[in-house]
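What follows is calculated from the coordinates using simple rules that are stated; it is not laboratory data. In this text, all values refer to a predicted model and were calculated from it rather than measured experimentally. Ideal geometry is used to build each Cβ from the backbone, glycine not excepted, and the neighbour counts take in all protein chains shown.
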Amino acid sequence: MTPSTLLERPAPAVRAAPADPVPPAADALPTPPRTAAAARTSAPPLVSVVLPTRHEADTIGGFLARTLRALEGIPAEVVVVDDSDRDDTPGVLLRLREELGLEDVLVVRHRPAGSVPERTLGTAVVEGIRAARGEYVCVLDGDGQHPPEAIPALLAAARRTGADYVGASRYLPGGSAAGLDGPLRKAVSRGLGLVARAAFAGTPVRRLTDPLSGFFLFRRDLVAGVDLRPVGWKISLEVLVRGGARRPAEVPYAFAPRAGGDSKATVAQGLLVLRHVLTLLLGLAGVRRGLCFGAVGASGVAVNTGTLLALAALGFDGLSWPLWLASELAILWNYHLHRRFTWRDRPGGSWWAYHLVAGLAALVAIAVTTGLAQPAHAPLWLASLGGIAIGAAVNFVLSDAVVFGRLARRRAGPTPQPAPAAASEPELAGLTA
Ligand code: GDD
Ligand code: MN
């Protein structure tokens, strides 16, 4: 067979797996290499199932059998990324791979201590996604708490509705979170889900009942060239927000109690979710721009006041020109910083346009302050703050739309697009087929 015919070979559809194979005793077989990939010469499968595992040796054999049975008839591959130190989870998998002839279907990656900078559930899932070749990727826990029997329903929902992300939800009618350990864990899960929905209210995440689910399926092209940088465990958020999912859907499922082993979840993991949400929020262009705008504006106020004080110290007091000079300097200062930071991705904003906008915003601020401070209205400090807030909003909106907006970009020519990140096929060195 020539290499090209090898390449054309269709992905094998998964055969029925035997009922829960009992993993052979650890000492019965020589330890095979602990990392192995399928002979990746077949056509990409329809779906890659990514399973993160750590210390699941007792149950992983049965779980793999369940997964293979659920995938029967679907062109699929299973990618396990394992970080076990204390048990032989990868050894169990590799023996089954050999015994059951799963070379074309099962990829096992074991990451010994020190082999990667950070061994966590999050980095394992990202590594699995990067190794996946399927049109769709389905991520679920490898401990049996996520039922693999639901994978075909997720896939069917994606194909039927054209959804780019399908989450398995505990909180849809028909789903259940009963397997979550204790009322506290349930409340935290619910609460963090609400935080995520509120934080990304402007995105389709808002429509999901379980945006932090560890069980989800998505079109792999959603994350092509996207830098997934997990903070903690919630890779669903990375895929939804950084991948920019536009058509998400959900399917209910019941989160099962753990059959063996222990949960690795901690309070610190829960707190990491909040940090993750914040990191993603700041990464969204609008928020970053807003924060930059605020910081630059505050520095402009310092320039303005500083200039006035300096001129007063030099004896130029009570004149209108120091006021004018101080504002001109502040506008110039803000303009350069906005170019450099706030709208750094939109070259071409002109100084005179910004000057006009800043002048207009100042007039609005004065008008609003005056209006608010009329007798029987707000106290002066509040009126002044209100004027500044509305003036700043006018400045931001007009700068964004006009000064650094479409008009400016047309003058400056097409915006240079960042070169797409080289889609490097994950390093497969050292893998045995
Ligand atoms: N590779 C790798 N590395 N896998 C890990 C690690 C790690 O450091 N830590 C945990 N895992 C694997 C476990 O072996 C299991 O298959 C899966 O990730 C989930 O870990 P658990 O420790 O069982 O977490 P949980 O059940 O308490 O919480 C899970 O389910 C929740 C409900 O969907 C997680 O997926 C949560 O993110 C999720 O909210
Ligand atoms: Mn679990």
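Lys/Arg Cβ at +1, Asp/Glu Cβ at -1, dipole of region 251-352 taken about the Cα centre: which of VAL277, SER350, GLY260 is farthest positive-ward?
Result: GLY260, furthest along the dipole toward the positive end.
Per residue and in cubic angstrom, what volume does the convex hull of the Cα atoms of region 259-332 have?
So the per-residue hull volume is 117 Å³.
Sticking with the crude label model, points 7 Å out along Cα→Cβ, report the distance from ALA268 to GLU328 in nm, one decimal please.
Placing both labels 7 Å along Cα→Cβ, they lie 5.7 nm apart.
How far, in nm, would the chain grow between PHE341 and ALA254 when pulled straight, counting 0.36 nm per residue and subtracting the alpha carbon separation?
Result for the pair: 26.6 nm of gain on full extension.
If you find the alpha carbon centre of region 246-276 and of region 284-310, how far apart are they in angstrom?
About 40 Å separates the Cα centre of region 246-276 from the one of region 284-310.
Given the Cα-Cα distance of ALA113 and ALA298 and 0.36 nm per residue of separation, how much length would full extension add, in nm?
Extending this stretch completely gives an extra 61.9 nm.
Tally Lys and Arg at +1 and Asp and Glu at -1 over the other residues with C-beta under 13 Å from the C-beta of HIS276: what net charge comes out?
Once all neighbours under 13 Å are counted, the net charge is +3.
One quarter of the convex hull surface, Cα atoms only: what value does that give for region 286-412 in nm²?
Orientation-averaged projected area of the Cα hull: 8.4 nm².
Where nothing but the Cβ of Lys and Arg (+1) and of Asp and Glu (-1) is charged, how large is the charge dipole of region 3-261 around its Cα centre, in debye to the nearest 20?
For region 3-261, the charge dipole is close to 1060 debye.
Report the paramagnetic label zone for HIS377: residues of region 383-399 whose backbone N is under 18 Å from a point 7 Å from Cα along the Cα-to-Cβ axis.
383-394
Starting from one equal scatterer on each C-alpha and no solvent at all, send me the Debye-based log10 I(q)/I(0) for region 3-261 at q = 0.08, 0.09, 0.17 Å⁻¹, two decimals.
Listed by q, the Debye log ratios stand at -0.30, -0.38, -1.40.
By what distance, in whole Å, do the Cα atoms of region 154-205 stretch along each of the three principal axes, largest value first?
Dimensions of region 154-205 along the principal axes of its Cα atoms: 36, 27, 14 Å.
With label points built 7 Å along Cα→Cβ from the Cα atoms of ASP181 and ALA367, find their separation and express it in nm.
The modelled label-to-label distance comes out at 6.1 nm.
How far apart, in nm, are the 7 Å Cα→Cβ label points at ARG160 and ALA310?
Distance between the two pseudo-spin positions: 6.9 nm.
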